[in-house]
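For reference, the structure discussed in these notes is given below.
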Amino acid sequence: MNFLTKIFTWWNGATIGTLLYSWRKGEHVGTDAQGNKYYRSKDRGDGARERRWVIYAGSNDASRVPAEWHGWLHGAGEDVPESHLPPPRIWEVDYTPNATGTAQAYRPQGALERGGKRARAVGDYEAWSPEG
């Protein structure tokens, strides 16, 4: 089943074509804490900009790329981030994935998923009606 998933889906990791391309033309440069693998093109000639890409471990969600790797993907530096990362600070928290569209997403009071009722506010909104 995993083999069929790799052939027919693009949203869950890499397709067979991407894996073959990465194997033939890519150079693995690093892996982040979430297991995402980062590549760059082996052949860099004629002054062309180096091609860089990521193969996600799991669902393809760009919010899962850490800031330092995001900068590297977009050409902000030549060295891979793992070679010059500062030590983690005590106040830093672990990554939490983007919860939009999931059951864990933030829903404010008054959202339809929470019953659609909210507390009245001072000078509350009064809807326009064509009769009055």
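For the stretch 68-109, what class follows from the C-alpha gyration tensor (a ≥ b ≥ c being the square roots of its eigenvalues): rounded when a/c is under 1.5, otherwise prolate if a/b is larger than b/c, else oblate?
Verdict is oblate for the stretch 68-109.
What list of ³J(HN,Hα) couplings, whole Hz, do you get for the stretch 97-111 from phi and the Karplus terms 6.51, -1.76, 1.60, once you set θ to phi - 60° and write x for glycine and proline?
x, 5, 8, 4, x, 10, 5, 8, 5, 5, 10, x, 4, x, 5
Which value in nm describes the separation of the simple spin-label points at Lys25 and Ser59, placed 7 Å from the Cα toward the beta carbon?
Once both label points are built, they end up 3.0 nm from each other.
Can you list the HN-Hα couplings for the stretch 65-81, worked out from phi with the Karplus curve (6.51, -1.76, 1.60; θ = phi - 60°), rounded to whole Hz and with x for Gly and Pro?
8, x, 4, 5, 6, 4, x, 5, 4, 9, x, 6, x, 8, 6, 6, x
For the chain, modelled as a Gaussian network with Cα springs under 10 Å, which listed residue fluctuates most, Thr18, Thr100, Thr31?
Of the options given, Thr100 has the highest mean-square fluctuation.
Once the convex hull of the alpha carbons of the stretch 9-132 is built, what does its volume come to per residue, in cubic angstrom?
252 Å³
Within the set of other residues whose C-beta is less than 11 Å from the C-beta of Glu50, count the net charge using Lys and Arg as +1 and Asp and Glu as -1.
Value of the local net charge: +3.
Taking springs between alpha-carbon atoms closer than 10 angstrom, which of Gly17, Gly110, Gly71 fluctuates most in the Gaussian network model of the chain?
Greatest mean-square fluctuation among the candidates belongs to Gly110.
Could you tell me the relative contact order of the chain? Use alpha-carbon pairs under 8 Å, at least six residues apart, and round to a whole percent.
This gives 14 percent for the chain.
No lab work stands behind these numbers, since they all come straight from the coordinates. Just so you know, these numbers come straight off a predicted model, no measurement behind them. In this analysis, Cβ positions are derived from the backbone assuming ideal geometry, glycine residues included, and neighbour counts consider all displayed protein chains.
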